[in-house]
Amino acid sequence: MGRPDLLNRTLGFAGSVAIALSGLAAGALPQRDPFANWPLIRELRAFPPVPIACAYVGLALLCGAWLRLRSTLDEQRPADLVRTLLCWAGPLVLVPPMFSQDVYSYLAQGAMVHEGLDSYKFGPSALGGHFAADVPDIWQNTPAPYGPLFLRTAAAVVNLTGEHVVFGVLAFRLIALAGVALVVLCLPGIAARFGVPVQRALWFGALNPLVLLHLVAGMHNDALMIGLMTAGIYAAVRRHPALGTVLISAAALIKAPAALALLTVLVLNPKAWARIGLTTGAALAGLQLASGLSTGWIGAMRTPTSVRNGLSVSTDLGMLLSAFGWPGPMQIIRTIAAVAGFLLAGWALLRAPNPIAGLGLALSSIILLGPVVHPWYVLWAFVPMAAGLRQVPRAAVWGSVGLSLFLLPTGAPGYPQAVIAAVFGTVAGLLYLRLRPPAPVPATVIASAPPTVTASVPAAVTASVPAAVTV
C-alpha cells in the first residue's frame, strides 16, 4: 500500500479515535452509567461542549479521509479497503451508543417481549423500570415499528444479558457488526457480477462514514436488515433464488422496506417466479408464526412519522404551509409525496442499468419523499447503489458527508452551546485538512498501475463471475 493510502488510513483512524473519546462523555449515555465516576470520564463530562467539539473534529477528519481515499482506489486491493474499514471501525466498537438513543428502545421492547407484554400495543412506559427510563420521552408511549424477527432477537438479548444495560448495548453492537460483516462479504460478489469496480463498491457501500457512525457506533437494527438483504441479493446473483428469498424475507421481518429487494430476486431469476412467490409466502408466514408475536407491527410502522427532524421534504413543506394558516395540509402532502416516491421507484426499477442499481434508486426515491428521514435510512439505498452503479452520484457522496454531520453524538436535540461546539469542532477539523493536503501519488505507482484490477471476491463467486473488473 502506497504512502497516500497509509496517510488516509491514519487520518481516518485519528478521526475515529476522537469520535470514540467524545462518546465516553457526550454519547447517548444511559441514566445508570457505571462509568460515570471514573476519573478521566468524569473530567471529560464536566463541560459537555468540549467532547462535542472533539467529536466534530473527528467527524471532519473521518469524512476528509474517506473523500481522499477515493482518489487512491485504483492502487488498492479490496483487502486493503477491508483493513482500512477495520482500522476506522475499531475505536467505535467499545464506546457507548452514539448519535442515537434507539438502542435503549430495543432493550425496552426486548424486555417487554420477555415479560409477555405486547409491544405492538403498548410503549415502554407500560414496562417501567430502568430499561424504560432510558427511552426518550417521544417513544415512551409508542408501539414498536419493527418486525417480529427483530423483537425476538431483542428478547433474546435481554434474556442473555438480564438487566445489565452495558452488556445489552454491547450485544446489540455485535448484532450490528454481524450485519456490517455481511455487507462486506457479499458486496464484492454482487459488484463484480455487474461490472462495478469492487474497490469503489466497498468504498461507498462499506467504508461510508454513515456506516461507521450509525451502524457501528449507533448500532441501529438497520445494520442487520441491510446485511440480510445484501446476503439475499448475493444468493440471488449466485442463482440460489430460494435462499435469497428467505434471507430477504427475514430482513423484511426486521424492517419492512427490505421487502422491495424481493423484486430483484424475481428479475435475476425470471424462470423461477412461481417458486420465488411460494418461497416468499412460506418464509414470511413461517417466520411470523415461529415468532409467536402478532402482526401488529404492520400498523405500527407509522410510529416513526411522529419525528420531524427537518430531513423530510414532504414534512417540511407541510409544516411550512401550516405556519401560514393552511388547515391540515400535512397528511395530504405526505400522501402525495409518498405516492410520487413509489411512482419514481417504479420508474427507477424499469430504467436502471441493472436490477441492483434499480433497487438502490427505487429505495432512494421512497426514502427522500417519505414522511420521515433519518441519516441511516439512506444506507438502505446506498449499499445496493454501491454494487449496481459504476459511477457513484456526486449528490450521494456529499449527501453522506452532510448527513454524517447532522446529528449530535448525544443522540438528543441540539442546544445553543452544543451547536456552537459542533461548528467550532468542524471548522477546526477542516482547517487541519486544509493545512495537511493529500499526499501526491508517486509517479512510479501511476506508471505501474495496471488498467484492470482483479476483483477479490469470495471463492464461491469466482466460478461464475468475471475475475477482472475494469476501473
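Condition check: over 23 Å from the mean Cα position of the chain (by Cα), under 30 Å from Lys121 (Cβ atoms), in the same structural domain as Ala65 (by TED's automatic domain parsing) and not in a loop (DSSP other than H, G, I, E, B). Does Gly318 satisfy that? For Gly318, the condition - over 23 Å from the mean Cα position of the chain (by Cα), under 30 Å from Lys121 (Cβ atoms), in the same structural domain as Ala65 (by TED's automatic domain parsing) and not in a loop (DSSP other than H, G, I, E, B) - is not met. Is it the case, given these coordinates, that Val397 is of a type outside the set (Lys, Arg), at pLDDT below 60 and under 23 Å from Ala357 (Cβ atoms)? Against the criterion (of a type outside the set (Lys, Arg), at pLDDT below 60 and under 23 Å from Ala357 (Cβ atoms)), Val397 does not qualify. The set of residues in the stretch 383-399 that are over 16 Å from Val198 (Cβ atoms) and not charged (D, E, K, R) comprises Pro393, Ala395, Ala396, Val397, Trp398, Gly399.
Residue selection: Arg83 satisfies the criterion of being part of a helix (DSSP H, G or I), under 21 Å from the mean Cα position of the chain (by Cα) and basic (Lys, Arg).
One residue alone among Val373, Val441, Val445 is at pLDDT below 95, part of a loop (DSSP other than H, G, I, E, B) and surrounded by fewer than 19 Cβ atoms within 10 Å (Cβ to Cβ), and that residue is Val441.
What are the pairs with Cβ atoms under 6 angstrom where one residue, in the stretch 191-217, is assigned by TED's automatic domain parsing to the domain that holds Arg394 and the other, located anywhere, is part of a loop (DSSP other than H, G, I, E, B) and of a type outside the set (A, V, I, L, M, F, W, C)? Sequence gap at least six, or different chains. Filtered contacts from the stretch 191-217: Phe194/Asn354; Val196/Arg390; Gln199/Gln76; His214/His220. Per the listing Leu11, Leu40, the residue uniquely surrounded by fewer than 24 Cβ atoms within 10 Å (Cβ to Cβ), more than 30 Å from Ala154 (Cα to Cα) and in contact with a helix residue (DSSP H, G or I) (Cβ under 7 Å, 6 or more places away or on another chain) is Leu11. The condition of being in a loop (DSSP other than H, G, I, E, B) and either crowded, with 21+ Cβ neighbours inside 10 Å or polar (S, T, N, Q) (or both) holds for only one of Tyr104, Tyr120, that being Tyr120. With the requirement that a residue be buried (at least 20 other Cβ atoms within 10 Å of the Cβ) and in contact with a Lys or Arg (Cβ under 9 Å, 6 or more places away or on another chain), what does the stretch 251-290 give you? Selection gives Leu268 alone.
For every residue, the table says whether it meets (1) touching a His at 6+ places or on another chain (Cβ under 7 Å); (2) touching a residue at least 40 places away in the same chain (Cβ under 8 Å); (3) not in a helix (DSSP H, G or I).
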position: Leu263; (1), (2), (3): no, yes, no
position: Val267; (1), (2), (3): no, yes, no
position: Ala272; (1), (2), (3): no, no, no
position: Gly310; (1), (2), (3): no, no, yes
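The criterion of at least 3 residues that are under 15 Å from the mean Cα position of the chain (by Cα) and at pLDDT 95 or above is met, among helices (runs of 4 or more DSSP H) falling completely within the stretch 134-224, by 165-193, 198-205. Answer with yes or no whether Arg68 is surrounded by fewer than 17 Cβ atoms within 10 Å (Cβ to Cβ) and within 25 Å of Val198 (Cα to Cα). Criteria not met by Arg68. When Gln140, Gln109, Gln76 are checked against the criterion of being polar (S, T, N, Q) and touching an Asp or Glu at 6+ places or on another chain (Cβ under 7 Å), Gln76 stands alone in meeting it. Return the residue satisfying two criteria in turn: it lies in the stretch 230-248 and is touching a Lys or Arg at 6+ places or on another chain (Cβ under 8 Å) and of a type in the set (A, V, I, L, M, F, W, C), and of such residues it is nearest to Ala272 (Cα to Cα). This residue is Ala242. A single member of Leu59, Leu94 is of a type in the set (A, V, I, L, M), outside any helix (DSSP H, G or I) and assigned by TED's automatic domain parsing to the domain that holds Leu11, and it is Leu94.
Counting the residues of the stretch 291-300 that are surrounded by 16 or more Cβ atoms within 10 Å (Cβ to Cβ) and in a loop (DSSP other than H, G, I, E, B) gives 1. Considering the stretch 381-440, the residues that are touching a residue at least 40 places away in the same chain (Cβ under 8 Å) and among the aromatic types (Phe, Trp, Tyr) include one that is farthest from Ile19 (Cα to Cα), namely Phe382.
The values are calculated or read from the model by the stated rules, or taken from the named source; none is laboratory data. As the structure is a computational prediction, the values presented were derived from the model and not from experiment. Neighbour counts run over all protein chains shown; Cβ positions are idealised from the backbone, glycine included.
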